[in-house]
Amino acid sequence: MIVAVTGGKGGVGKSTTSLNLGYELDAVVVDGDLATADLPTGTGPDLHDVLAGRADPVAAVERFGPVRYLSCGRTLAGARAADLSALDRVVERLEREFGRVVIDCPAGLARDVGTQLETAHLAVLVTTPDEAALVDAVRTRRVAADLETPIASVVLNRADRDEHDDFASRVEETFGATTTVVGNRATIDDAQSRWLPVDDVDPDCPAVGAFDEITRTVERSEQRLSSRIGVR
């Protein structure tokens, strides 16, 4: 299974969601932002090298704590050398080797976001409870629909469960996908700053339950998709 974590607007928590979902799914997390990578930098070949044909994707996967990553480079030369059209082959190779892949998509609706959404079997849409983020999320949903990539789950990030419960229900109705509220907690930021899943830093943090819920929703979507088209 290949899952694209997307949302349109920058800073809504896509990388945090990707890291924690990758941990819960025991997946390889691919930092798919070729221009402004957010996940940890590796010590060897990265996605730029892989897409330029200079490195094998499986050999470029590294482990940071309990999570496996295919990191992305941070140089303009590397981004220019990367052949985006090879992304689907790279991600499919990782899926064959590791079983599950989570792609951390870049912000915006540029062509690379469409490429990653088209590569994925399912998408997780991340937004925050503010107008700009929701407008971009709606636009991203339209791109996903055009590419026939179903939205498995919506993450309403940096929200208060009590304050935004009715709002979350409206978001769920609008997007037609199970919506999970993830609170704005210092523990989440602390874990992300160390490139660790929240469960590894504070197993009692309420966000752990939220990421568990997102994972179960994705797995149910995976099962439904598998029964229809044979996706692993």
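The values are calculated or read from the model by the stated rules, or taken from the named source; none is laboratory data. Quick caveat, the model's predicted, so the values are computed rather than measured. For neighbour counting, all protein chains shown are included, and Cβ atoms are generated from backbone atoms with ideal geometry for every residue, glycine included. With ligands, DNA and RNA removed, areas are computed over all heavy atoms of the protein, side chains included. Shrake-Rupley method; radii C 1.70, N 1.55, O 1.52, S 1.80 Å.
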- Task: Evaluate segment 40-53: report whether one residue or more is touching a strand residue (DSSP E or B) at 6+ places or on another chain (Cβ under 6 Å), touching a residue at least 40 places away in the same chain (Cβ under 8 Å) and assigned to a loop (DSSP other than H, G, I, E, B).
- Result: yes
- Query: Would you call E62 open to solvent by 30 Å² or more (accessible area, probe 1.4 Å), within 20 Å of D200 (Cβ to Cβ) and free of Cβ contacts under 8 Å to residues at least 24 places away in the same chain?
  - Reply: yes
- Message: Looking at segment 65-76 only, could you name the residues that are of a type outside the set (A, V, I, L, M) and either assigned to a strand (DSSP E or B) or buried (at least 22 other Cβ atoms within 10 Å of the Cβ) (or both)?
- Response: R68, Y69, S71, C72, G73
- Kindly indicate the residue of segment 195-207 that is over 16 Å from K14 (Cα atoms) and not in a loop (DSSP other than H, G, I, E, B) and also modelled with the lowest pLDDT among those meeting that condition. P206
- Task: May I ask you to verify whether A79 is in a helix (DSSP H, G or I), modelled with pLDDT under 95 and surrounded by fewer than 22 Cβ atoms within 10 Å (Cβ to Cβ)?
- Result: yes
- Task: Can you work out which of the residues in segment 144-171 that are open to solvent by 40 Å² or more (accessible area, probe 1.4 Å) and more than 25 Å from P206 (Cα to Cα) is nearest to the chain's Cα centre (by Cα)?
- Result: P150
- Within segment 1-39, of all residues that are part of a loop (DSSP other than H, G, I, E, B) and among the hydrophobic types (A, V, I, L, M, F, W, C), the one surrounded by the most Cβ atoms within 10 Å (Cβ to Cβ) is V12
